[in-house]
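Heads up, the thing below is written out as structure tokens.
Read-outs: derived from the displayed coordinates by stated rules, not from any lab. Computed from a prediction, not measured in an experiment: that's the story for all the values here. Note that each Cβ is placed from the backbone with ideal geometry, even for glycine, and that neighbours are counted across all protein chains shown.
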Amino acid sequence: MKRLKYNLVYRFTVIVWMVIKYIFQIYFFHFRHTIWDEKAKLKWNALLVKIAKDYRKKSEKLGGVLIKVGQFLTTRTDFLPDIFIRELTDLVDHVKPMPYDYAKEVLEEEWGTSVETHLKAIKKTSVASASIGEVYKAVLHDGTVVAIKVRRYRINEVFHKDFIALKMVFWILKVFTNFGKKADLNALFRELIMVMDRELDFEQELEFGNYFQDRYQDNADIRIPTFYGELSTKKVLVMEWMKGAKITDMDFIKKHHIDVEQTTKIIFDFYLDQFLNPGKFHADPHAGNILIQKDGKIAIIDFGMIGEIKPKDIEQFKLFVQGFIIENYDIVVDALDKMNFILPNADKRKLKKVIQETIEMYSDGSLKNFDAEAIDQINEEINMIMKDQAIQLPADYAYLLRAISIVVGIIFTLNPDLDIIKWAKPKIRDWFGRKSIVESVTRQYAKNATEPLLSYPRALLNWLESGEKDRKWDKEKHYVQLKHQFYLLLEILSFIMVVVGMFFLAYGFSFELQTVGIIGIIVTSIFTVLLSIMLIFHFRMIRHRR
């Protein structure tokens, strides 16, 4: 099994077959459930949970890229179902510790000298073990306690073998599923490779760590570890050891009489500064990477996953928000386009219409009068914006949304009664720049004062008249595309199996291997019949649609 783990053919086969199996399960489900009632929805959710659990199990067993892909997918709320993402959220980046002898070998190879030259002592049992790196606790000759991250055995080789399998997976998704229309899979593949390749390079993490050191050196409440560049390489990262407990360790907080509200405010201010202003942001702020120290200071560790917000993105995001406030949805769509949220094949007029109708439903002020079914319908409209209107989150924005949700979760875990709006308001006002936002809103309100009071009821009526027709048409169109892709996939796979059967047949008769020849006849016959049946049904479907 250990040898197979590093074998290209084995890893390629396992990864690609796993994806093909999932596609078949999804297509087969849709063929069996043409009526999308409550019972079908429950079964659909159960299938997604089953697939996600199977993926998680295989990822933790095989390691390598699969774990990182699973973690990457949890950021893609723009086209993956929430129930699938929730199941993958618990995907643990934890593997069996590697032997210290290998770590020592890497350290001495990278440093060009013995471990003892730089280290007074090192604990041979690792303190953390992940898919890319192993972390050891050590002491420098001057008495400084450090954490040393060492790249895992052959992990670079494993990742690049898996990249080949991923290329095939993305091709399959593009040809045989609707993802090719919902998402720019080529861009998504490039983003995924870029993110994972960057995590393999510890010199990149060193650069990020130094960036945060410089940015928050004057913040007395935040501690960023000191990094030792002279001892760090692509395979080794040496940093100051940060003492402390997980930020969510309430027993530790109570034991050391730490002010919970003050701690919450420090975390809130630290991350809001990154989320609202240009620059890099800490994209993996889970509880294990945010430590609370005895004196109440906050230590931030692990800068392998970093996102970036560019100045032009901040300006476009301000226009995006202002567009909603002044009800100018052309501005909203234009801002989304300039931030690269909208794919080239998107229907911008339809996107604007869906956004406008959804917002007007909320702006009507009568939402409280709707029943649960009507509210579910509104939620469906919102999901359509992300999943059916050719919107795709750029990688940095996907990481940003994930980071925001994690930080908010941590804050409310620490302080459930927190009034987060009170803290956010003054910072948001400063971020907007009061003059520009007030001028825009004032002009638009003056314009709106001349419009009929029945504008919202009219918008509601338009939504009720056109929305249901559009939704029915979209669902019917989606179902036809699904059937077409399913037939196409079966036809290609059947053809491949016919070729394989003919190969066995020819091989068996050439070398007088009767059993092999019989297997070839059986396989060729079965899949020739299956191919013929699929072609007939596919042709009938196409002719019926015409």
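Once you've got the Cα coordinates, tell me which of Lys161/Lys338; Lys137/Lys161; Lys318/Lys350; Lys265/Lys310; Lys61/Lys137; Lys174/Lys352 are over 28 Å apart.
Violating the 28 Å Cα-Cα cut-off are Lys161/Lys338; Lys137/Lys161.
Would you mind getting me the FRET efficiency between Asn219 and Lys255? Use the beta-carbon distance for r and R0 = 22 Å, nearest 0.05.
0.30
In what order do Lys104, Lys167 fall by count of nearby beta-carbon atoms within 10 Å, going from fewest to most?
Result, fewest neighbours first: Lys167, Lys104.
Could you list Phe12, Phe303 in order of exposure, starting from the residue whose Cβ has the fewest other Cβ atoms within 10 Å?
In increasing order of surrounding Cβ atoms, one gets Phe12, Phe303.
For the ranges 493-503, 137-147, what's the packing order if you count other beta-carbon atoms within 10 Å of each residue, average per peptide, and put the highest first?
Ranked from most to least packed, the peptides come out as 493-503, 137-147.
At a 10 Å Cβ-Cβ cut-off, how would you order Asp313, Asp201, fewest neighbours first?
Asp201, Asp313
Mind jotting down the distance between the C-alpha centroids of segment 184-207 and segment 1-44, whole Å?
For segment 1-44 versus segment 184-207, the Cα centre distance is 26 Å.
Of the cross-linked pairs Lys120/Lys243; Lys149/Lys254; Lys21/Lys50, which ones have a Cα-Cα span greater than 22 Å in the structure shown?
Lys149/Lys254
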